[in-house]
Amino acid sequence: MTPPPAELVAHLEDHGQHHALAGWSLLDPAERVQLIEELMALDFAQLAQLYRDREATYAVPEPHRIDPLPGVRPDEPDAEAKSVGEKALERGEVAALVVAGGLGSRLGFEHPKGLFPIGPVTGKSLFQFHAEKVLARSRRHGKPIPFLVMTSHATHAETVYFFEKHNFFGLARETVHFFQQGTMPALDLATGRVLLEHPGRLFAGPDGHGGTLTALAKSGLLARLADSGIRHIFYWQVDNPLVKIADPTFLGHHIRDRADVSSKVIPKDGPHDKLGNFVLIDGKLAMIEYSDLPDELARSTEPDGRLRIRAGNPAIHVFDVGFLSRVTEAGLPFHLARKKVPHWDHATGDIVNPAKENALKFERFIFDVLPLAERYAAVETARHEEFAPLKNASGADSEATVKRAMSDLAASWLKAAGVRVKDGAAIELSPLTALEPDDVAGMKLPGEVADGTVL
Ligand code: UTP
């Protein structure tokens, strides 16, 4: 039997991770090569540091250090901002980036989430809606919009195949750029050792949506985009089919304010709304997750009755390319979660299904880049117009609620154009037909549309 490379063995021994080779004799040559590659790619010093810091729990700062996000632009038409955004699109300075590397475990769909058939009538996939919005927007402004799709080891192959099978949904092949985020191994909570899924494979997951920045830089894509004149990257999450991709007014606010980062903001509909909270901490922009916001602060109100902390985060941003080039080098911090992770026990050779949390998993969050921004713009939007995330198999944020939101938005555009729509009807508007209500107003329309209409 070929032994494992001596250099690797020494490296693992130095870091107390030698057990990772315990199944070596059970592996075929290809599996051995793969395991060596996986292990060589790990930064064991960083893992050891993360393990040492495992008890350093995140503490929300004292309420007096937290202030509401100031200066949120109201959700109003702004012709001047729109024109600034349109000019940037016409000059070809905008790219569109969707993060699609997550495991989608709550949804329980057996493919990458972007393949989910979300069209209320046609069953078109999330990816198709996104791609058609990019296509329609680029046609409108006469310049291609590079479409950047971040995948992970878990979603990459199927995502690329899906785009190829569907001929890139009409986009020019060379304008679609797939790039893969990194992975992070899970560590045994009791020992800090890496866990194995089976004898030849580490248990590892995508490194969080914050991995976008490192992956963009490492893949060379960020530098290529900058060289080709891209100055603004519009960012969103694959599970939100309502997003207004490369919304010119939003881009215009971002550009006029010379912002490093800009965000869409949704007013929270109550103290326990499950949106993350944009706030200032000691005067610096930051995000506090809904589960971390102290109840007293979540409930506190302004004299006019509105919630004091009310700027919810739908994860729609614009990043300045120069800013990203400056901040991606170091990478964002890791957040740690305790999880139940089934794994191969190298001592017994059995698969262990733990009854309680046995592992540490690590993820980076994109919003940790916010405090690094010197200039920032926030623009309010209405939830029903721009945010309906597909997260769960049933209940809130599930297929039924997302399809309802899509139909309702389409119906509202049609109604505004004088068309009668039956309450509760399933209606679908293709992004290639209309990107905004004005597009519908300009169309030749029937007096009434029935359930199951596609326009
Ligand atoms: P979520 O945090 O909702 O995770 O991701 P998820 O993978 O979709 O679902 P659960 O939590 O496993 O049920 C929000 C967005 O960030 C992307 C997801 O693909 C989704 O668009 N994401 C998340 C990544 O691209 N990479 C990650 O490592 C995590």
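The values are calculated or read from the model by the stated rules, or taken from the named source; none is laboratory data. Note that the structure is predicted; figures quoted are calculated from it, not measured. Here Cβ is always computed from backbone atoms with ideal geometry, including for glycine, and neighbour counts include all displayed protein chains. Protein only, heavy atoms only, side chains kept; ligands, DNA and RNA dropped before computing areas. Shrake-Rupley method; radii C 1.70, N 1.55, O 1.52, S 1.80 Å.
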Point to revise | Selection within the stretch 226-246 - in a strand (DSSP E or B) and more than 16 Å from the chain's Cα centre (by Cα) | key: His232
Study note, to complete from the structure: Expected output for the stretch 409-432 (first residue open to solvent by 60 Å² or more (accessible area, probe 1.4 Å), partner not in a helix (DSSP H, G or I), Cβ below 7 Å, 6+ apart or cross-chain) is Lys415/Val421; Arg420/Gly447; Arg420/Glu448; Lys422/Ala450; Lys422/Asp451
**Study point:** Answer residue from the stretch 113-149, given it is touching a residue at least 60 places away in the same chain (Cβ under 8 Å), closer than 23 Å to His232 by Cα and of a type in the set (Val, Ile, Thr) and is farthest from the ligand (Cβ to nearest atom) among those
**Key:** Ile145
Point to revise | Whichever residue in the stretch 331-341 is in a loop (DSSP other than H, G, I, E, B) and touching a residue at least 60 places away in the same chain (Cβ under 8 Å) and, among such residues, is farthest from Thr214 (Cα to Cα) | key: Val341
Exercise for review: Test Thr214 against the stated conditions and say whether it is within 16 Å of the ligand (Cβ to nearest atom), closer than 30 Å to Pro4 by Cβ and either out of contact with any strand residue (DSSP E or B) (no Cβ under 8 Å at 6 or more places or on another chain) or of a type in the set (Ser, Thr, Tyr) (or both).
Suggested key: yes
Review point. What strands (runs of 3 or more DSSP E) lie completely within the stretch 130-204 and have 2 or more residues being within 25 Å of Glu86 (Cβ to Cβ)?
Key: 147-151, 176-180
Review point. How many residues, within the stretch 410-442, are among the hydroxyl-bearing types (Ser, Thr, Tyr), more than 15 Å from Glu386 (Cβ to Cβ) and assigned to a helix (DSSP H, G or I)?
Key: 0
Exercise for review: Search the stretch 375-408 for residues being closer than 17 Å to Gly452 by Cβ and small (Gly, Ala, Ser), and hand back the single one that is least open to solvent (accessible area, probe 1.4 Å).
Suggested key: Ser407
Check your understanding: If you check every pair at least six apart or on different chains, which have Cβ atoms under 8 Å apart with a residue in the stretch 319-330 that is outside any helix (DSSP H, G or I) first and a residue that is polar (S, T, N, Q) and open to solvent by 30 Å² or more (accessible area, probe 1.4 Å) second?
Key -> Thr328/Thr214
Exercise for review: May I ask you to say which residue of Leu280, Leu216, Leu221 is surrounded by fewer than 23 Cβ atoms within 10 Å (Cβ to Cβ) and within 18 Å of the chain's Cα centre (by Cα)?
Suggested key: Leu221
Check your understanding: Inside the stretch 297-318, can you point out the residues that are more than 16 Å from the ligand (Cβ to nearest atom), assigned to a strand (DSSP E or B) and under 14 Å from Ala286 (Cα atoms)?
Key -> Ala311
Check your understanding: Going through the stretch 433-447 one residue at a time, which ones are surrounded by 13 or more Cβ atoms within 10 Å (Cβ to Cβ) and of a type in the set (Gly, Ala, Ser)?
Key -> Ala434, Ala441
Point to revise | Matching residues in the stretch 57-69 - criterion: being of a type outside the set (D, E, K, R) and open to solvent by 80 Å² or more (accessible area, probe 1.4 Å) | key: Thr57, Tyr58, His64
Exercise for review: Please find, among Glu90, Glu110, Glu86, the residue that is modelled with pLDDT of 95 or more and within 16 Å of the ligand (Cβ to nearest atom).
Suggested key: Glu110
Point to revise | Residues that are over 15 Å from Tyr235 (Cα atoms), open to solvent by less than 50 Å² (accessible area, probe 1.4 Å) and either touching a helix residue (DSSP H, G or I) at 6+ places or on another chain (Cβ under 6 Å) or without any contact (Cβ under 8 Å) to a residue 12 or more places away in the chain (or both), drawn from the stretch 90-106 | key: Gly104
Review point. So which residues in the stretch 381-396 are under 16 Å from Glu76 (Cβ atoms) and within 19 Å of the chain's Cα centre (by Cα), if there are any at all?
Key: Thr381, Glu385, Glu386
